[in-house]
Each structure stands twice: as structure tokens, then as C-alpha cells.
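Chemist: Mind having a look at this structure? Questions to follow.
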Amino acid sequence: MCYDSHNKAKKTEIIWDLGDIVVEDEPESFWSTHIMGHSHGFQPVIFRNRTDGLLHLKAMEWGVIPYYIKDEAAYAIQRNTMLNARSERILDDRSSYWHKIRNRRCLVPMTGTYEHRAIAGWKKKVPYFIKPKGLNTFYIPGLYSVAELPDRETGELLPRYTYTIITRAANSVMKQIHNAGTDTGRMPLFLPLDLCKEWLKEELNEDEYRKILNYEIPSEELEYWPVFTIRSPKLRPDGLDKDAPYEWPALPPLGVD
């Protein structure tokens, strides 16, 4: 699943792609070469505000807290299961929370995602950096939720904006990268810009919604390379950035695992 991302998206790029946006929080304030979902940190998210009907860019926490939750501490472990929403459940699983908030659509700007590849005989998985070809910034569709919870310092009830990223069954190349684990064979729902804009329309009928959820990016439209590490604090021996290509000795080609 998608639990690790890279975001150095600039406001100017986002406005160029999506048009006028009410900027509540500057995206540059949340720049990072590695964002780990399980830390539930703030990231800039684009959504259509229900009051003024305009697109807004607001900092939200990764990992949905449902609107009915009153005890955040008791929900902490379950929240780790709300980092990703399976596309197959949003419209068809009427018992899921994703179905309940299906009209709270948002886009999460990114400049890359990370995934681990397992190789037979290797003790550790090899991390990969992945993004659509030729794009500095791209957008993953998501859903957002608003819960009223006590402020951690003052106890005052405040709205907490949280989001999830939508995933789907992996294409042929992503199956070879995300090839192990309990959620093997998944990938973020990479969308072309025209479908990203459609995702943020005020209303989507069911056919339009399904067209977006069923989109599968062709493997040849992704670029990817191995990197040194994702989550480890260990410094790269070559001193380069976390997202820079790293040459693993004797790394077999994809599909040879």
C-alpha cells in the first residue's frame, strides 16, 4: 500500500495545473523528501470547500479519523488502517466509511512515492522511488474527513481535517515492485491531470466516479528506480538525497525475484 511519499510540490506548480486556489497553508511549509503515513503528519491537500464552492489548499493529517470518533487515543491503532482507501470499496461497499464520505473528494500533491521490493535470498527488501514520467508534481486522489476533537493543549473542541489516499490493483510493473506483504499488488491511483480535475468537480455521477476509480496508468508511463533507504536514518554512502537512484550490487531486473 502507499505509506511513504515524497513532496516538494510548489504553490506555483499547483496553481498552474489546477487554476485559482484559496491557499490556507503554504505547501512549501510541508516539504519533505520522505513522508511516512504512520506518523500522521500534516500535508497540503486540495479540496472543494463546501461553503464557498472554491478549491482550497489546506494542511490535513494523513490517516483518516471518522467524524464520529470522540476519543482519539482509543482510536490510535485503528487509524493506521485508514491511511489508504481501496478504490473497490468506495462505491460498492456500503458498510465502509469510504462509502459514507465518498463525496468528500480531495487531491494530494506529490513529487514521488516509495515502495519496497522483495527478492528471494535477500534479507532486506529493496526500496524504489516511483512517479509518472515527465512530471515534477502529480496528484493522487483521496477522501477527507472532518472530526471535532479536543485540542491537544487547550481541550477546546476544534475541527480536525484528515485524509486518505486511494489505491487500486497494481499494473504490471508495480506488481513486480510491490511484490510481497499483506497488501501486495497494490499501487496509488495515479491519474492524468484531466481526471484529477474531474475528481474535484462539485458533483460526480456514478459513471463518472467509476471511470476515475477504474483508471489504470500504463506501466510505460511510470518511471522508477531503486534508492538506498526509505525509513532508515542511515546515511547514504554516496551522500546523495534520499530520492536519488542507488546502484544495488547484483540487483536482478524486475520480474526476477
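Chemist: What is the percent carbon and sulfur in the accessible area of the chain, measuring with a 1.4 Å probe over the protein chains and ignoring ligands? Show your work: numbers first, answer last.
Modeler: Values: 6470 of 12650 Å².
Roughly 51 percent of what the probe reaches on the chain is carbon or sulfur.
Chemist: If you add up the charges near residue 203, with Lys and Arg at +1 and Asp and Glu at -1, over every other residue whose beta carbon is less than 15 angstrom from its beta carbon, what do you get?
Modeler: Around residue 203, the charge tally is +4.
Chemist: So what's the back-of-envelope 222 nm ellipticity for the chain, counting only DSSP H runs of four-plus at -39500 (n - 2.57) apiece and dividing by all residues, rounded to 500?
Modeler: Numbers: 7 runs with 47 residues, N = 257.
Rounded to the nearest 500, it is -4500 deg cm²/dmol.
Chemist: How large is the charge dipole for the stretch 113-257, taken about the Cα centre, if only the Cβ atoms of Lys, Arg (+1) and Asp, Glu (-1) carry charge, to the nearest 20 debye? Mind dumping the intermediate values first?
Modeler: Working: 19 positive and 22 negative charges, 167 e Å.
Using only the charged Cβ atoms, the result is roughly 800 debye.
Chemist: Then there's this: Scan [x] 55, 43, 39; [y] 51, 49, 34; [z] 63, 39, 31 for the value of Cα extents along the principal axes in Å calculated from this model and give just the label.
Modeler: [x]
Chemist: Turning to a different aspect of this structure: With every protein chain left in place, what is the accessible area per residue of the chain in square angstrom, probe 1.4 Å? Don't skip to the end; give the middle numbers.
Modeler: Details: 12650 Å² over 257 residues.
Counting only protein heavy atoms, the per-residue value for the chain is 49 Å².
Chemist: Another question about this same structure. Please express the Cα-Cα pair-distance distribution P(r) of the stretch 110-240 as a list of whole percents, one per 5 Å bin, running from 0 to the bin with the greatest distance.
Modeler: 2, 8, 15, 17, 15, 13, 11, 9, 6, 2, 0
Chemist: Would you please give the residues with an amide H less than 5 Å from that of residue 117, counting only those at least 5 places away or on a separate chain, with H modeled from the backbone geometry?
Modeler: It is 126, 128, by chain and number.
Chemist: Among 8/131; 8/124; 10/211; 11/131, which pairs are too far apart, with a Cα-Cα distance over 22 Å? Could you put the intermediate results ahead of the total?
Modeler: Numbers: 8/131 13 Å; 8/124 28 Å; 10/211 29 Å; 11/131 19 Å.
Cα-Cα > 22 Å for 8/124; 10/211; rest within.
Chemist: To the nearest 20 debye, what charge dipole does the stretch 1-73 have about its Cα centre, counting +1 at the Cβ of each Lys and Arg and -1 at the Cβ of each Asp and Glu? Present the calculation step by step, with values, prior to reporting the outcome.
Modeler: Details: 7 positive and 12 negative charges, 24 e Å.
Using only the charged Cβ atoms, the result is roughly 120 debye.
Chemist: While we're on this one: At what distance in angstrom do the alpha carbon centres of the stretch 29-69 and the stretch 111-180 lie from each other?
Modeler: 13 Å
Chemist: Which of rounded, prolate, oblate describes the stretch 112-164, given a ≥ b ≥ c as roots of the alpha-carbon gyration tensor eigenvalues and a/c under 1.5 marking rounded, otherwise prolate only if a/b is larger than b/c? Walk me through the intermediate numbers first.
Modeler: Values: a/c = 4.07, a/b = 1.94, b/c = 2.09.
Oblate shape, in that a/c is at least 1.5 and b/c is the bigger or equal ratio.
Chemist: Next up: Give me the net charge of residue 257's neighbourhood, meaning all other residues with Cβ under 12 Å from the Cβ of residue 257; Lys, Arg count +1, Asp, Glu -1.
Modeler: Values: positive: 117, 125, 175; negative: none.
Neighbourhood net charge equals +3.
Chemist: Any idea what the dipole of the stretch 84-198 comes to, in debye rounded to 20, about its Cα centre with Lys/Arg Cβ at +1 and Asp/Glu Cβ at -1?
Modeler: Details: 19 positive and 11 negative charges, 110 e Å.
Roughly 520 debye, rounded to the nearest 20.
Chemist: Scan around residue 85 for amide H atoms under 5 Å from its own, H built in the peptide plane at 1.01 Å from N, and keep only partners 5 or more places away or cross-chain.
Modeler: Excluding prolines and chain starts, which carry no amide H, the hits are 165, 166, 167.
Chemist: Continuing with this model, one more query. Answer rounded, prolate or oblate for the stretch 94-133, using the Cα gyration tensor with square roots of eigenvalues a ≥ b ≥ c: rounded when a/c is under 1.5, else prolate when a/b is larger than b/c, else oblate. Please list the in-between numbers first.
Modeler: On the way: a/c = 5.22, a/b = 1.86, b/c = 2.81.
Oblate shape, in that a/c is at least 1.5 and b/c is the bigger or equal ratio.
Chemist: Sort the stretch 185-257 into rounded, prolate or oblate with this rule: let a ≥ b ≥ c be the square roots of the eigenvalues of the Cα gyration tensor; rounded if a/c is under 1.5, and if a/c is not under 1.5, prolate when a/b is larger than b/c, oblate otherwise. Please report the intermediate quantities before stating the final value.
Modeler: Working: a/c = 3.56, a/b = 2.24, b/c = 1.59.
Note, shape of the stretch 185-257 comes out prolate.
The values are calculated or read from the model by the stated rules, or taken from the named source; none is laboratory data. Keep in mind it's a predicted model, so treat the numbers as computed, not measured. For neighbour counting, all protein chains shown are included, and Cβ atoms are generated from backbone atoms with ideal geometry for every residue, glycine included. Protein only, heavy atoms only, side chains kept; ligands, DNA and RNA dropped before computing areas. Shrake-Rupley method; radii C 1.70, N 1.55, O 1.52, S 1.80 Å.
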